[in-house]
Amino acid sequence: MTIEIDRWSYSQPTSTVSGLRDWQTLNTDIETFGVSQFSAFLPDVGAPVGQPYTLIASNLNIFTTTLSSNRYFPPRASGKEIIIHKLLHMFHPRPFVHSRFAPQGSSAVIRAENEHYVSIVFRIHAEFQLNQPPLHPFWFTPGQFTGELVIKRDASHIKSFHLFVPTNKTLNVDMEWLNGPLEAENMEVDIGFLPQMEIKSTSPSIPVTMTTESGDTVNILESDEPIDLPPVPMDTTPIKWNSEISFQEASDSLEKYMYPFKKVPYLSYLEACKVAEVEKKLVHLILLWGVLDDQSC
C-alpha cells in the first residue's frame, strides 16, 4: 500500500501514522490450529445451501450506533469470536472482531454440501488498532475479510481454508486516526488500496495422534523430539457435491444479508443507462469516493 510520505509527517518518529509505517511484517507467519476450533463456522442449526446465517452478532443497536475510536486494546474474545481473533492476530497483535461501525460481526453461508463435507463461504467485518499510548489511536479497517472453508460436517477434518481481503475494487481499506483527544474534532481519514492480505492452509488437516514406522503411538504436538512418521496420504480427489452454488452467488447472498439495501440492484453508470433506455426510466446517479457495501467509503 502507498501513502504520500510528507502528507501526515509520515517519517516523524512520533507521527500518529507511525503504527502504519512500522507495520512491515506479519505478527505470525505460520500457525497451528486444531480442527475443532473451526466448528465455529458451522451453523448452530441446519442451514440449506445458499441461506446465510450469523457467526458473530452485532452488538450495536438504536441507542449505540457506533463504538468509540478512542481505544487501544481489544476486549477479551469469547465463543465464536475466539477463532476469528486468532486468525486475524496472525496479521497484527491488536485485532478487533467487532468493528466500530455497522455492519458489525461475521456471517456465513453454505456454498456446497454432501453427506460428509460442507463448503462454507464467510464474511468478516473487523479492524486493527495500530498504535499504542502515548500515540493517539490509528484504525486500519479493510473493507471486509472473506474466504472459504471446506470442512467435515462433524468438524473432524479440514480440506482447505482461505481468508482474504478482496481486491476487486479500486479502494478496499479505510484508515482513521486521532490527532488529539476529541473524536469529533481530531479525526483524520484516508482511504487506500490493499493489494494482498490473506491466510491459506498449507495442506489438509492431519491427525494429532499418529503411529510411527516403529509402531509407537505419539502425539505430534507434545513430542519434543523429531518423529519418524510415515507419509500422510493426501486425498486429491475433487469432492463431488450433492448441492452447490458458485462462490460469487454465496458472496452476493452474504452481501445482501449484511446490507439490506443491496436487495435493490445497483448498477454502474453505463449499465444503468442501458437499462433506463429499455425500461424508459430516469437515472439516479450516486457518486461516491469508495463503495457502500464495505467499510472503505
Subject >> Length-normalised contact order for region 52-147 - Cα pairs under 8 Å, 6+ apart - percent >> reply: 29
Original post:
Between Q24 and N179, 0.36 nm times their residue separation minus their Cα-Cα distance comes to what?
Top reply: 53.5 nm
Original post:
Which parts of region 22-43 would a label at I82 reach, counting a residue when its backbone N lies under 15 Å from a point 7 Å out along Cα-to-Cβ?
Top reply: 33-42
**OP:** Run the numbers on the chain and let me know its relative contact order in percent, using alpha-carbon pairs under 8 Å that are six or more apart.
**Re:** 17
Original post:
Probe 1.4 Å, all protein chains in place: accessible area of H136 in Å², nearest 10?
Top reply: 60
Subject >> Label point distance in nm, S39-I286, each placed 7 Å from Cα along Cα→Cβ >> reply: 4.2
**OP:** Would you compute, from DSSP H runs of 4+ residues alone, the mean residue ellipticity of the chain at 222 nm, taking -39500 (n - 2.57) per run and dividing by the full residue count, rounded to the nearest 500?
**Re:** -3500 deg cm²/dmol
Subject >> Zone residues, region 67-84, relative to Q132, backbone N less than 14 Å from point 7 Å out along Cα-to-Cβ >> reply: 72-74
Subject >> Label-reachable residues, region 172-209, where backbone N falls under 17 Å from a point 7 Å from M90's Cα toward its Cβ >> reply: 196-206
Original post:
Applying 1/(1 + (r/R0)^6) with R0 = 41 Å to the Cβ-Cβ distance of N59 and T217, what FRET efficiency is obtained, to the nearest 0.05?
Top reply: 0.35
**OP:** Measure off 7 Å from each Cα along the Cα-to-Cβ vector at L67 and Y259, then give the distance between these two points in nanometres to one decimal.
**Re:** 2.1
**OP:** Would you kindly state how much longer the chain becomes between E271 and Q51 on full extension, computed as 0.36 nm times their sequence separation minus their alpha carbon distance, in nm to one decimal?
**Re:** 76.4 nm
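The values are calculated or read from the model by the stated rules, or taken from the named source; none is laboratory data. Only a predicted model underlies this, so the values are computations on that prediction, with no experimental measurement involved. Cβ: placed from backbone, ideal geometry, glycine included. Neighbour counts: every protein chain shown. These accessible areas exclude ligands, DNA and RNA; they are computed on the full protein's heavy atoms, side chains included. Shrake-Rupley method; radii C 1.70, N 1.55, O 1.52, S 1.80 Å.
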